[in-house]
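Single-structure report; data block below.
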Amino acid sequence: MSRIGIFGGTFDPVHQGHMVIAEQVAQALGLDCVIFVPGGVPPHKTASSVKASVEDRFDMVEAAIEGNDKFFVDRVEVDAGRAMYSVETVPLVKDRWGKGGDEWFFVSGADEVSNLLSWKEPDSLLEEAAMVAATRPGYDISNLGHLEEELDNFDRIIPVECTRVDISATGIRRALAKGESVRYLVPEGVYEIIHDRGLYGARKEGEKARQEGCLNRRTEA
Ligand code: ATP
């Protein structure tokens with residue numbers, strides 16, 4: 001019997017805020033593994049607000065989790081080629097990864113959980129998996145009280161206090177569009193994919209050229 005986390009998101013791109021909550025939630029709840037599920041365009045975001053292709057977003061998650069033997073990535077939403085609701089995705093992931101007796105947790109930021117009433121069939125989702133509300137800067141887990149009256153399975157929401165990492169994918173995309181560095185805001189492998197593929201308006205060569213300049217100076221000294 002295992003305790004398994006499912007971490008769905010747009011991951012456009014995956015960033016250190018995501019990695020920190022995956023790690024800290026896994027530790028706090030004693031999860032055996034966390035399965036990242038990069039999504040098609042989610043129902044609450046418009047196609048034009050998602051900037052990288054689903055394959056690029058999948059590759060970035062794969063790069064981000066490299067070296068962590070508790071983290072996995074699943075293609076179920078990538079291959080579906082359409083937007084999926086979490087209440088559809090979770091049973092599919094459980095079928096693909098689960099064995100009888102496993103305990104399932106759906107990992108989410110507190111900002112998303114506070115909007116749970118706008119999700120499709122939230123009570124059914126909570127039956128499929130307990131929902132983890134990880135703290136996120138600007139969103140307080142004490143704000144979840146309004147869900148209590150509306151949801152039969154409110155007690156399946158588990159708040160988890162995580163280190164506050166004030167990074168958002170929106171902020172990263174904006175910074176790249178302005179030519180600002182996002183190094184260390186995303187895992188190194190993600191940074192490389194962004195620059196190699198020129199995602200989000202990132203420049204391909206500028207950074208490397210600057211690094212070479214300093215390298216030459218050091219050699220001459
Ligand atoms: P965007 O800025 O494009 O809306 P995002 O940074 O919120 O993106 P998502 O891929 O939509 O990233 O997030 C996936 C999940 O991770 C969501 O449940 C979200 O609440 C949570 N999350 C994202 N960033 C953080 C963060 N810095 N701290 C805690 N939770 C986060």
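Read the figures in this text as sums done on the coordinates, not as results from a lab. These figures come from a predicted structure and were not determined experimentally. Note: ideal-geometry Cβ built from the backbone for every residue, glycine included; neighbour counts use all protein chains shown.
Looking at the range 51-191 only, what percent of DSSP beta bridges run antiparallel? Nearest 5 please. The partial results should precede the final answer.
Numbers: 1 of 11 bridges.
Beta bridges within the range 51-191, antiparallel portion: roughly 10 percent.
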Quick check: residue separation of Asp140 and Cys33 times 0.36 nm, minus the Cα distance between them. What number comes out in nm? 35.9 nm
Set Lys70/Lys204; Lys178/Lys204; Lys94/Lys120, cut-off 21 Å on Cα-Cα distance; pairs above it are Lys70/Lys204
Taking H placed 1.01 Å from N in the peptide plane, check which residues at least 5 places from Ala134 or on another chain put their amide H under 5 Å from its amide H. Ser108, Gly109, Ala110, Val160
Of all the stretches in the chain, which is the longest one without any exposed loop site, taking GluC sites (Glu not before Pro) in a DSSP loop (any state but H, G, I, E, B) with at most 14 other Cβ atoms within 10 Å? 67-147
